[in-house]
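Read-outs: derived from the displayed coordinates by stated rules, not from any lab. None of the values given here were measured: they were computed from a predicted structure. FYI the Cβ positions are ideal-geometry reconstructions off the backbone, even for glycines, and counts take in every protein chain you see.
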Ligand SMILES: NC(=O)c1ccc[n+]([C@@H]2O[C@H](COP(=O)([O-])OP(=O)(O)OC[C@H]3O[C@@H](n4cnc5c(N)ncnc54)[C@H](OP(=O)(O)O)[C@@H]3O)[C@@H](O)[C@H]2O)c1
């Protein structure tokens, strides 16, 4: 991408989303920092905007406000750690409503905007668990796997229209989502954000941000992905 970037980052009030928004700001982009509660956005220079990715009315309102977007960063996510066979069905639905339907709803509103603005890019924040399907996070893994398939389908459809679609895969980052995992097993989300934006701008289809995601990707053809995961 050589044009001036106007980005919208979902879940930009904390965690990786905040780092992605900060990284884009540091590169001179105009950034809409989308959050369920925009009053919690504390990034100087960013434009807070209300957005609950599971609420179609909220997504439509955000799209009506941010009509100059050329880059969409689908970052917002949840982790209930629900097991598929024994976990609460509401948690399992929440994972799919958020990672799959929420990301899809936001994309369906913002892709036409990016198109109208001459093309651009979409980044979907996935996970190593899109590939390694551990039973203790079955709901999350299934939802991220669905989002992975969606990402590939979107890339194939939108590439010819000048909209590049990339997937970010990462193991564990030091954010609220995985506070239960020891610090030495987690990567700094700022490092992930820098790699993600560089990869997106360079036109990479897949950004593998840490050793774990690289190991699991390499193990895909052996069907031994789960052995690389400790949790
Ligand atoms: N942390 C990891 O180890 C890890 C690893 C691989 C991938 N990921 C992925 O990275 C992304 C960011 O996660 P994180 O680690 O930064 O988690 P986090 O610190 O828990 O932040 C999650 C963010 O998503 C937002 N969010 C959740 N549901 C939303 C909804 N329905 N609408 C709008 N925003 C919503 C949250 O907003 P509120 O403040 O309103 O709750 C928050 O801003 C997620 O897609 C996650 O699955 C994380």
*Taking every pair of alpha-carbon atoms in the range 12-103, give the share separated by more than 22 Å as a whole percent.*
32 percent
*For helix 15-26, what angle does its Cα long axis make with the longest principal axis of the chain, in degrees from 0 to 90 and rounded to 10?*
40 degrees
*Which of the peptides 57-68, 196-207 is most tightly packed, and how do the rest follow, going by the mean number of other Cβ atoms within 10 Å of each residue?*
196-207, 57-68
*Which value in deg cm²/dmol, rounded to the nearest 500, describes the helix-derived mean residue ellipticity at 222 nm for the chain, given -39,500 (n - 2.57) per DSSP H run of n ≥ 4 and division by the residue count?*
-12000 deg cm²/dmol
_Shape metrics for the range 31-163, restricted to C-alpha atoms - Rg then Dmax, Å_ = 15.4, 47
*Go from 0 up to the bin containing the longest alpha carbon distance in the chain, width 10 Å each, and give me the % of pairs per bin.*
8, 35, 39, 16, 2
*Enter the Cα centre distance for the pair the range 58-88 and the range 116-140, rounded to the nearest angstrom.*
11 Å
_Using only Cα atoms and rounding to the nearest 10 degrees, what angle (0 to 90) does helix 138-158 make with the longest principal axis of the chain?_
40 degrees
*Find the all-direction average of the projected area of the Cα convex hull for the range 147-225, expressing the result in square nanometres with one decimal place.*
6.2 nm²
*Using only the C-alpha atoms of the range 110-174, find the volume of their convex hull and express it per residue in Å³.*
87 Å³
